[in-house]
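For reference, the structure discussed in these notes is given below.
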Amino acid sequence: MKSEMIRLLRESEEYISGQELCDRFQVSRTAVWKIINQLKEEGYVIEAKQNKGYRLLESPDTMAAYELESRMCTKWAGRIVSYKKETGSTNIDCKKLAEQGEPHGALAVAEMQVNGRGRRGRGWQSPAGESIYMSLLCRPDFAPDKAPMLTLVMGVSVAEAVERYTGLAAKIKWPNDIVVNGRKICGILTEMEMGLETKEIQYLVIGVGINVNNGFTAMRETGNPVRAREAAFPDELQNMATSLFLESERKDEKIFRAPLVQYVMEAFEKNYELFLQTLDLSLLKERYNSYLVNRNAAVKVLDPKGEYTGIALEIDNEGDLLVETEDRGVIKVYSGEVSVRGLYGYT
Ligand code: BTN
């Protein structure tokens, strides 16, 4: 009811009378008043005018379930949200949701992770309240070998959502880092649970970390963009990582996170359904390739069997990267342990 009330207040341009809220939710005036007060305590600015009713003036920058659920217009992606202020990892939380029988599309989110997990056993820096940490539960009925492609489906969805929400030119560093101006703003970690005997996918968890407001506090305190960048990430990530706040060159205005979560869910639901039509990336690859940061540029392929250079052309229907080399023709690069870099810097 709380999320429905927020939705109603947000979508209405007029005041909504207390009576209308009572009728809509079949509760007493006192119950409505209690919820309005709770929302105010949680940071919503709600104007109450005699003989007119209530009007929502401002929402807090929160990832709380009622805020996210109040925004979702999807059929299944992110319709059910499980929120924690602090957690180990939302991927683990999402696995627990799966074990508890939550449906396809359930979303675990947190304001902060103390054990954020990255790819290849790395960690994921997850400070409180600044970024998006979320993990989406998927219960597909296709074969396990198709699963890695969903990471690319999420990658293109995040790029679309970032572009739609911020207007920044998001790019994809194959296979699934989202970058803005050559630095990473998002990482994706997909984990799969298989049935012991059936060898079918039991469920998948797609974890997404988006750096949103890193650097905001330092910027407000110092007014200096260089200091803000230095404060946002540890030394070893300075040249590799960035946030939407830093790239948008804002001075003292935070970026609200909830609408971005909403846009990612909308884009993912649409793209997932395109993926299901062919069980490969044929309907999505053109869009994905248009975001490819190194498209038609020289790259170094860091293959454990031997590094080589070439020109990155595009991904194919399976999400492999096609790299044209001088001496060995076009090579299909499979993700997994191989990384691809531009000749200079991280991307
Ligand atoms: C990468 O290394 O690029 C992947 C990083 C994925 C981080 C996200 S944050 C939300 C979810 N929970 C985790 O512990 N990891 C993923």
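The values are calculated or read from the model by the stated rules, or taken from the named source; none is laboratory data. Everything quoted here is computed from the prediction, not taken from an experiment. Cβ atoms come from the backbone with ideal geometry, glycine included; neighbour counts cover every protein chain shown.
Key figures for this structure:
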read-out: Among residues of region 123-143, those that are touching a Leu at 6+ places or on another chain (Cβ under 7 Å) and hydrophobic (A, V, I, L, M, F, W, C), counted; value: 6
read-out: Checklist (1) buried (at least 18 other Cβ atoms within 10 Å of the Cβ); (2) out of contact with any Gly (no Cβ under 7 Å at 6 or more places or on another chain); (3) outside any helix (DSSP H, G or I) applied to residue 77, failing item; value: (2)
read-out: Among (1) within 16 Å of the ligand (Cβ to nearest atom); (2) farther than 17 Å from residue 290 by Cα; (3) in contact (Cβ under 8 Å) with a residue 12 or more places away in the chain, the one test that residue 141 misses; value: (1)
read-out: Single match in 211, 176 (criterion: modelled with pLDDT under 95 and touching a strand residue (DSSP E or B) at 6+ places or on another chain (Cβ under 8 Å)); value: 176
read-out: Only one of 322, 279 that is closer than 21 Å to residue 177 by Cβ, hydrophobic (A, V, I, L, M, F, W, C) and surrounded by fewer than 19 Cβ atoms within 10 Å (Cβ to Cβ); value: 322
read-out: Residue 179 closer than 21 Å to residue 90 by Cβ and either within 16 Å of the ligand (Cβ to nearest atom) or in a loop (DSSP other than H, G, I, E, B) (or both); value: no
read-out: Residues (of a type in the set (Gly, Ala, Ser), surrounded by fewer than 19 Cβ atoms within 10 Å (Cβ to Cβ) and part of a helix (DSSP H, G or I)) located in region 219-233; value: 231
read-out: Complete set of residues in region 97-118 that are surrounded by 14 or more Cβ atoms within 10 Å (Cβ to Cβ), farther than 17 Å from residue 78 by Cα and either more than 16 Å from the ligand (Cβ to nearest atom) or not basic (Lys, Arg) (or both); value: 112, 113, 116, 118
